[in-house]
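Novice: Okay, handing you the structure first.
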Amino acid sequence: MGYSFTEKKRLRKSFSKRPEGVLPIPYLLSTQIESYRKFLQADANPDGRIEKGLQAAFKSVFPIESFNGSAALEFVSYRL
């Protein structure tokens, strides 16, 4: 069988089958849920939140001031 110039023989490695007992598959949804919980800091008191996650995102954006300086929006806290 002849091959064209654009078609080359390539060795293929299959990663679809894993040998048993190599590594356990982690439950990835729990990792995402835990990360989101840390991002929101919903269980923390609004005054006691650390500068991380959503709190840090709000603090980095605010205060927002108008062009002429007559109005400003300031971030106080958030509640879920």
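None of the figures in this text is laboratory data; all of them are computed from the coordinates on show. All values derive from a computational prediction rather than experimental measurement. Neighbour counts run over all protein chains shown; Cβ positions are idealised from the backbone, glycine included.
Novice: For the chain, count all C-alpha to C-alpha pairs, find those more than 14 Å apart, and express that count as a whole percent of the total.
Specialist: Everything past 14 Å amounts to 78 percent.
Novice: In addition: How much FRET efficiency would the formula 1/(1 + (r/R0)^6) give for Glu51 and Glu74, where r is the Cβ-Cβ distance and R0 is 22 Å, rounded to 0.05?
Specialist: It comes out at approximately 0.85.
Novice: Something else: Hey, what D do you get for the stretch 28-73 in µm²/s if you plug the Kirkwood alpha-carbon radius into Stokes-Einstein at 10 °C and 1.306 mPa s?
Specialist: Once the numbers are plugged in, D ends up at 127 µm²/s.
Novice: Let me have the 222 nm mean residue ellipticity of the chain computed from DSSP H runs of 4+ only, each contributing -39500 (n - 2.57), with the sum over all residues rounded to the nearest 500.
Specialist: Taking each H run of at least 4 residues, the total per residue is -8000 deg cm²/dmol.
Novice: Separate question: Specify the inter-centroid distance of the stretch 14-35 and the stretch 44-80, based on alpha-carbon positions, in whole Å.
Specialist: Each part reduced to its Cα centre gives a spacing of 38 Å.
Novice: I've got another one for you. Give the peptides 35-48, 67-80, 12-25 in descending order of average Cβ contacts within 10 Å, highest first.
Specialist: 35-48, 67-80, 12-25
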